[in-house]
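Asker: Pasting a structure below so you can have a look.
Readers should treat all values here as calculations from the given coordinates under stated rules, not as data from a laboratory. None of these values were measured; they are calculated from a predicted model. With ideal geometry, Cβ positions are generated from the backbone for all residues, glycine too; neighbour counts draw on all protein chains shown.
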Amino acid sequence: MNVTGMRPSAADFSVNPFVPYVGTVLDVIEETPAIKTFRVCLDEREAWERFTFIPGQVAQLSIFGVGEATFVINSPPSCRDYLQFSVMRAGEVTNRLHGLSVGDKVGVRGPLGNGFNVEPMKGKNIFFVGGGIGMAPLRTLFLHMLDHRNDFGAISLLYGARSPQDLSYSYELPQWLERADLSVTLTIDREAPDWPHRVGLIPHVLADLAPSPDNAVAIVCGPPIMIRFTVEALQKLGFGPHDIVTTLERRMKCGIGLCGRCNIGTKYVCVDGPVFTLAELQSLPDEL
Amino acid sequence: MSYFLPHDRLESWLDDLERTHRVFAPTAEGRGVVFRRRKPTAESPAAPVCLERRPTESARHVLFPRSEVLLAFRSAHDESGTRVEVFEQEAPAPQVIVGLRACDAKGFAVMDRVYMHGRYADPLYTARRKATVMAVLACVPGNGPDNACFCHWFASGHEEHDAADIVLTPASGGFLIAPVSDKGAEFMESHAGYLEQGNEELENAAAAQRLAAREFLEKHCPAPALSKTETAIMRQFGNSMLWETIGEPCLACGVCTHLCPSCYCFTITDETRGNAGARIRSWDTCLNAGYTLEASGHNPRAAKAQRLKNRIAHKFAYYPALHMGKSSCVGCGKCIRSCPVGVDIRAAVFRVLAADEE
């Protein structure tokens, strides 16, 4: 490939949003057989200092020569040592990402998307419901709220996966379970040996826990089918469409609202999302 | 201020523009009329310009190439580890597109709202757009509107100057040339060497020709109530019978999107050779099944009818909702003329409106 006739890039997202920052993999964590977490730092000090985001925003993570894919930044904004991405092996780019080792170079383009609207959640009881890889977008907001614990009412988390081996962030769960100012419930789909927590599908466990909708916001992330039944369960409990918040996935390329493919009606998931309230989703054409 | 360019000086004038600008103009190639860089040299003159027939493609690729390098990269390894260098395109040279029609120019106005004035500006498009002068050739009877044209639906016609800098109208054995923007006026001042002064008589004759073209359009294909398309499409969104009927003959080949002056979707792919490579942006089409296919295997628009619905809905509902009621279709008719199975976007719009009135 010839770079004649081209100039070295200033690598400034605000000037050219197609150019990624070059970053280095600091750490690789094997979460589950299908999910790996990567901790990445940007090489340029200035770019790193400029890189701020709000919980729920995403970035395009890339391997030069392979391609980009979109992931939520699942570390909280207060973490200034690295950006954390959890990658489920699914397609071409994610397969290659799973081959990365500490010290390897990646591209990071972002922050992109709207992120969670935290302000109206202040003073309210927060109920997180995460399924499988859906824990990633919740993690950043969950940790952000713990950073500002006094701004919120009761904080609860219901986190489920198929089996104990499919729970990501298992190394963090014990400390969350122990905290007196949190209420954490774990569940798996089917019985497993030595499993001390709940067994059952997330919507069923949710109905059983029956959180009160009064002065509360529910934040739901997970596979589409889990979101569907969890949202139904929340509505039965009395949560209104403005108090149910979720994140959408869509195939993305540019991440900046130009390339066209992630639209649902007039909304582009890459810039208008990925976070939507149920009320917003209900106003979109039925094309999920 | 207007100018007159006699027909026999057209080629010389175009060659003269090369002093300051890269010139793109329509050229006849087989049955097509396509936009090419002229690049005349002392040894080989430029291929003759073809202004007698309507271009068969839009000029979109001049500002938004079918495929281009978004960035290049090169990695180097040594004892201290790996370094990756990233490169961007240089700023574009000034250029002029001569002989695009008003509908094609309007396509750039459609793109400008998204690519220059959206939440993120596309730096490559924006730089080229600013460096480009648009010299539009007005359609006149005998050299313009045919049965597939419907630019009058959107006021894309010749008295509207969306994105145009200069308008050339065939008149009295040559062209009346009128600047319609400051950029166009400035351009004409430095390129008037081969031109004569225009006059009121020529201006009136040119205006009459343009009006005649417009009258032809209004007679052969009256416009529907475009203000109703947005609501009608959204109300009929779930009417799968309707969309399947509209999409039934479609081959999902994407020729409509590739010839369209206002389709602007793209994909991004990486290529490498050795320790260097490039991230490349190429035109894509929402009619391609892979366009929305997710890594999980889920596809929100798996059916052809859903994809054609997206194209029509984007032009006549989504884009107008986001851009003050303006449609992103410009009525050039290229998709109608070139569809191998005769899908007619006008018929689709009429069908949706009719279904919604039932």
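Asker: Express in whole angstrom the spacing between the alpha-carbon centres of region A:224-239 and region A:1-79.
Answerer: Their Cα centres are 34 Å away from one another.
Asker: Right, next: With a cap of 15 neighbouring Cβ atoms within 10 Å, and only residues DSSP puts in a loop, list the trypsin sites (Lys or Arg not before Pro) found in region A:135-173.
Answerer: Working: sites: A:Arg139, A:Arg149, A:Arg162; in loops: A:Arg162.
The qualifying sites are A:Arg162.
Asker: As a quick test, which of the pairs B:Lys39/B:Lys183; B:Lys219/B:Lys326; B:Lys106/B:Lys334; A:Lys236/A:Lys267 have an alpha carbon distance above 25 angstrom in this structure? Write out the running numbers ahead of the final one.
Answerer: Working: B:Lys39/B:Lys183 23 Å; B:Lys219/B:Lys326 23 Å; B:Lys106/B:Lys334 14 Å; A:Lys236/A:Lys267 28 Å.
Cα-Cα > 25 Å for A:Lys236/A:Lys267; rest within.
Asker: Related question: Dipole of the protein assembly as shown (Lys/Arg Cβ +1, Asp/Glu Cβ -1, origin at the Cα centre): which of B:Leu353, A:Cys41, A:Ser168 lies farthest to the positive side?
Answerer: B:Leu353
Asker: For chain A, what does -39500 (n - 2.57) per DSSP helix run (n ≥ 4), summed and divided by total residues, give at 222 nm, in deg cm²/dmol to the nearest 500?
Answerer: On the way: 8 runs with 62 residues, N = 288.
Helix contribution divided over all residues of chain A: -5500 deg cm²/dmol.
Asker: Using a simple spin-label model with points 7 Å from Cα along the Cα→Cβ vector, what separation in nm is obtained for A:Tyr171 and B:Glu358?
Answerer: 6.2
Asker: Of the candidates B:Gly193, B:Gly81, B:Gly238, which one comes out as most mobile in a Gaussian network treatment of chain B with C-alpha springs shorter than 10 Å?
Answerer: Comparing B:Gly193, B:Gly81, B:Gly238 in a Gaussian network model of chain B, the most mobile one is B:Gly81.
Asker: Give the distance, in whole Å, between the Cα centre of region B:60-131 and the Cα centre of region A:151-175.
Answerer: So the separation of the two Cα centres works out to 44 Å.
Asker: Give the percent of DSSP beta bridges with both residues in chain A that are antiparallel, rounded to the nearest 5. Write out the running numbers ahead of the final one.
Answerer: Values: 32 of 56 bridges.
So the antiparallel bridges amount to about 55 percent of the total.
Asker: Something else now. Taking the alpha-carbon distance from A:Lys36 and a cut-off under 27 Å, which lysines remain once sequence neighbours fewer than 8 residues away in the same chain are dropped?
Answerer: In chain and number order, the partners are A:Lys105, A:Lys253.
Asker: Moving to a separate point now. Quick one: compute the contact order of region B:227-357, relative version, from alpha carbon pairs under 8 angstrom and 6+ residues apart, as a percent.
Answerer: Numbers: 160 pairs, mean separation 45.4, N = 131.
Rounded, it is 35 percent for region B:227-357.
Asker: Another question about this same structure. Taking neighbour Cβ counts within 10 Å as the exposure measure, how do B:Val330, A:Val87, A:Val129 sort from fewest upward?
Answerer: Values: B:Val330 29, A:Val87 23, A:Val129 32.
Ordered from fewest to most neighbouring Cβ atoms within 10 Å, B:Val330, A:Val87, A:Val129 come out as A:Val87, B:Val330, A:Val129.
Asker: Find the centroid of the Cα atoms in region B:145-222 and in region B:292-332, then give the distance between the two in whole Å.
Answerer: Rounded to whole Å, the Cα centres lie 32 Å apart.
Asker: Ignoring GluC sites (Glu not before Pro) that are buried or in helix or strand per DSSP, and keeping those with at most 13 other beta carbon atoms within 10 Å, what is the longest stretch of chain A between them?
Answerer: Working: sites that count: A:Glu172, A:Glu191.
Longest stretch, sites excluded: A:1-171.
Asker: For region A:119-247, what log10 I(q)/I(0) values come out of the Debye formula at q = 0.12, 0.16 1/Å, with one point per alpha carbon and no solvent?
Answerer: Results for region A:119-247 at q = 0.12, 0.16 Å⁻¹ read -0.40, -0.74.
Asker: Identify the trypsin sites (Lys or Arg not before Pro) of region B:73-173 meeting these criteria: DSSP loop state and at most 13 other C-beta atoms within 10 Å of the C-beta. Before the final figure, lay out each step's value.
Answerer: Values: sites: B:Arg74, B:Arg83, B:Arg101, B:Lys106, B:Arg113, B:Arg119, B:Arg128, B:Arg129, B:Lys130; in loops: B:Arg101, B:Arg119.
Filter output for region B:73-173: B:Arg119.
Asker: Only loop residues by DSSP count here, and only those with at most 13 other Cβ atoms within 10 Å; note down the GluC sites (Glu not before Pro) in region B:218-248 that meet that.
Answerer: Taking region B:218-248 and a limit of 13 other Cβ atoms within 10 Å, no loop GluC sites (Glu not before Pro) are found.
Asker: Can you work out ³J(HN,Hα) from phi for every residue in region B:336-345, in order, using Karplus 6.51 cos²θ - 1.76 cosθ + 1.60 and θ = phi - 60°, giving whole Hz and x for Gly and Pro?
Answerer: 6, 5, 9, 5, x, 10, x, 5, 10, 5
Asker: Order by neighbour count: A:Ile133, A:Ile54, A:Ile29, fewest other Cβ atoms within 10 Å first, most last.
Answerer: Details: A:Ile133 25, A:Ile54 18, A:Ile29 14.
Ascending Cβ contact count within 10 Å gives the list A:Ile29, A:Ile54, A:Ile133.
Asker: Taking the Cα of B:Ala321, stepping 7 Å toward and past its beta carbon, and measuring to each backbone N in region B:289-305: which are under 19 Å?
Answerer: Counting only backbone N, you get B:300-302.
Asker: Under the Karplus relation 6.51 cos²θ - 1.76 cosθ + 1.60, θ = phi - 60°, what is the ordered set of whole-Hz ³J(HN,Hα) values for region B:110-123, x standing for Gly and Pro?
Answerer: For region B:110-123, the Karplus curve yields 5, 5, 3, 4, 8, 8, 10, 10, x, 5, 10, 7, 7, x Hz.
Asker: Quick one: net charge around B:Met241, please, counting Lys, Arg +1 and Asp, Glu -1 for every other residue with C-beta under 15 Å from its C-beta.
Answerer: Numbers: positive: B:Arg235, B:Lys304, B:Lys309, B:Arg351; negative: B:Glu244, B:Glu248, B:Asp356, B:Glu358.
Net charge in that neighbourhood comes out at 0.
Asker: As an exercise, use a Förster radius of 22 Å and the Cβ-Cβ distance of A:His204 and A:Arg162 to find the FRET efficiency, rounded to the nearest 0.05.
Answerer: Details: r = 15 Å, r/R0 = 0.66.
It comes to 0.90.
Asker: If you don't mind, another one. Looking only at other chains, what is the average number of their beta-carbon atoms within 10 angstrom of each beta-carbon in A:104-112?
Answerer: Numbers: counts 2, 6, 1, 6, 0, 0, 0, 0, 1.
Going residue by residue through A:104-112 and averaging, the value is 2.
Asker: Could you pull the Rg and Dmax for the protein assembly as shown, using just the Cα atoms, both in Å?
Answerer: 28.3, 96
Asker: Now, a different point. For A:Ile155, what charge total do you get from the other residues with a beta carbon under 11 Å from its beta carbon, if Lys and Arg give +1 and Asp and Glu give -1? Working shown, then result.
Answerer: Details: positive: A:Lys124, A:Arg149, A:Arg179; negative: A:Asp151, A:Asp181.
With Lys, Arg at +1 and Asp, Glu at -1, the neighbours total +1.
Asker: A further question on this structure: Would you grab the residues whose amide H sits under 5 Å from the one on B:Gln95? Only those 5+ places off in sequence or on another chain, please, with H modelled 1.01 Å from N.
Answerer: Close amide H contacts, sequence-distant or interchain: B:Arg22, B:Thr132, B:Val133.
Asker: Taking a virtual spin label 7 Å from the Cα of B:Glu203 along the C-beta vector, which residues in region B:1-31 bring their backbone nitrogen under 18 Å of it?
Answerer: B:1-5
Asker: Sticking with this one: Give me A:His204, B:His21, B:His191 sorted ascending by neighbouring Cβ count inside 10 Å, so fewest comes first.
Answerer: Working: A:His204 15, B:His21 19, B:His191 22.
Listed from fewest to most nearby Cβ atoms, that is A:His204, B:His21, B:His191.
Asker: Calculate one ³J(HN,Hα) per residue across region B:40-53 by plugging θ = phi - 60° into the Karplus curve 6.51 cos²θ - 1.76 cosθ + 1.60, and present them in order as whole Hz with x for glycine and proline.
Answerer: With coefficients 6.51, -1.76 and 1.60, one gets x, 10, 4, 7, 10, x, 5, 4, x, 6, 10, 10, 7, 10 Hz.
Asker: Within 11 Å, Cβ to Cβ, of A:Ala218, how many net charges do the neighbouring residues add up to if Lys/Arg are +1 and Asp/Glu are -1? List each step's numbers first, then the result.
Answerer: Numbers: positive: A:Lys124; negative: A:Asp243.
Computed value for this residue: 0.
Asker: Right, another one. How far apart, in nm, are two points set 7 Å out from the Cα along the Cα-to-Cβ line at A:Glu46 and at B:Ala185?
Answerer: Between A:Glu46 and B:Ala185, the simple spin-label model gives 4.0 nm.
Asker: May I pose another question? Take the Cα atoms of region B:33-109, build their convex hull, and give its volume per residue in Å³.
Answerer: Details: hull volume 12.0 nm³, N = 77.
Measuring per residue, one finds 156 Å³ for the Cα hull of region B:33-109.
Asker: How large is the helix-only mean residue ellipticity at 222 nm for chain B, computed as the sum of -39500 (n - 2.57) over DSSP H runs with n ≥ 4, divided by its residue count, in deg cm²/dmol to the nearest 500?
Answerer: It lands at -9000 deg cm²/dmol.
Asker: On the Cα set of region B:3-222, report Rg and Dmax in Å, please.
Answerer: According to the Cα coordinates of region B:3-222, Rg and Dmax are 19.9, 78 Å.
Asker: Percent of Cα-Cα pairs per 10 Å bin, from 0 to the last occupied bin, for region A:21-112, please list those.
Answerer: Spelled out bin by bin, region A:21-112 gives 18, 57, 24, 1 percent.
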